[in-house]
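Notes to accompany the following structure.
The values are calculated or read from the model by the stated rules, or taken from the named source; none is laboratory data. Note that the structure is predicted; figures quoted are calculated from it, not measured. In this analysis, Cβ positions are derived from the backbone assuming ideal geometry, glycine residues included, and neighbour counts consider all displayed protein chains.
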Ligand SMILES: [Zn+2]
């Protein structure tokens, strides 16, 4: 079987192995056994249940950590799909199913792309191939890995149509909470309605200025959900919550956002009400039993277009791809932000059309998968030395 055929076969088995967040045990076992049979030098699962494969380098060139994730989003109603979302069917050179582009295609292209160096010329430095848990629900796996594993260069395999990605905006979810006084809705003089405060606040939000980043664009804040402590229509609520979906640029974390938003909300208070902006934390557990507590916060990721890690990745990929790939930014947030926050240098490259991610049409062309595989082999072989040599 050719390397591409073996990679396709592996991708089909990955798609047939369901792996919703928190339920990645089966797919982790499949990945561990595949890496072992391919001859990876070390294969293990860490305390979070993340899978880590290592191909040891022949020298001391910078280390590279290739990264994807094990989980996928819900497939919805299978009847809405043209093919079984968990069938991994191959039709006319196209593989169908949940995860084909996000993220099992790119995962297979990393595992097989790096395996090409095991029995031939070794990579110049150590190369890790990793797949983490719970990327789709807050990044428990990447948060843990960024604290416990260090590499000089990180290559995030989220689908990029085999182009190079140098960042994305971050995402922070905040809650505006206003407390007032509950009362019979016929007695507005007794009640202190928190919705009145939120109404004023929404108007001010609309007119807010947001910071701009030449690489990532402008930050945004979208009010998305509103709820009160009431289910009765004839009661003035005592408390109201408004969810804010904040898309952030570098340096704009939850604390920085709160510094701006708290005074804005305070300026909307009426007598007898108090407002606050919260970033609620939640405890999550991985299938392996690790528990972590954190708020809904994904850091932005951004390298300038002329950064050496970006430029050398482009130069290396020009070989197998036949031309220098375009460089851009992702629309969505990735786990790369957690590695960048830990001080590591993160670039993105992966096969698959990101516009098909999370849809009922998710599929990947075998030819594109193959180009991604060859791209990963070239990166593992040449990126670290080219980067260390200064491009
Ligand atoms: Zn993904």
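Condition check: within 16 Å of the ligand (Cβ to nearest atom), assigned by TED's automatic domain parsing to the domain that holds residue 102 and closer than 25 Å to residue 11 by Cβ. Does residue 322 satisfy that? Explain how you work it out, then say what you get.
Numbers: within 16 Å of the ligand (Cβ to nearest atom): no; assigned by TED's automatic domain parsing to the domain that holds residue 102: yes; closer than 25 Å to residue 11 by Cβ: yes.
So residue 322 fails the test.
Does the range 131-142 contain at least one residue that is more than 16 Å from the ligand (Cβ to nearest atom), touching a helix residue (DSSP H, G or I) at 6+ places or on another chain (Cβ under 7 Å) and in the same structural domain as residue 369 (by TED's automatic domain parsing)?
no
Take the range 180-216 and flag every residue that is touching a strand residue (DSSP E or B) at 6+ places or on another chain (Cβ under 6 Å), buried (at least 20 other Cβ atoms within 10 Å of the Cβ) and within 14 Å of residue 268 (Cα to Cα).
Passing the criteria: 180, 192, 193, 194, 197, 198.
Being in a loop (DSSP other than H, G, I, E, B), under 21 Å from residue 70 (Cα atoms) and touching a strand residue (DSSP E or B) at 6+ places or on another chain (Cβ under 8 Å) narrows it down to one of 334, 359, so name that one.
334
Which of the residues belonging to the range 65-80 are near the ligand (Cβ under 9 Å from one of its atoms) and part of a loop (DSSP other than H, G, I, E, B)?
Result: 71, 72, 73.
Based on this model, can you work out whether residue 22 counts as assigned to a loop (DSSP other than H, G, I, E, B), assigned by TED's automatic domain parsing to the domain that holds residue 88, surrounded by 15 or more Cβ atoms within 10 Å (Cβ to Cβ) and at negative phi?
no
So, in the range 146-179, of the ones that are closer than 13 Å to residue 340 by Cα, out of contact with any strand residue (DSSP E or B) (no Cβ under 6 Å at 6 or more places or on another chain) and not in a loop (DSSP other than H, G, I, E, B), which residue ends up farthest from the ligand (Cβ to nearest atom)?
Top of the filtered list is 147.
Checking the condition assigned to a helix (DSSP H, G or I) and touching a helix residue (DSSP H, G or I) at 6+ places or on another chain (Cβ under 7 Å), which residue from 88, 125, 99, 113 passes?
One residue alone meets the criteria, 113.
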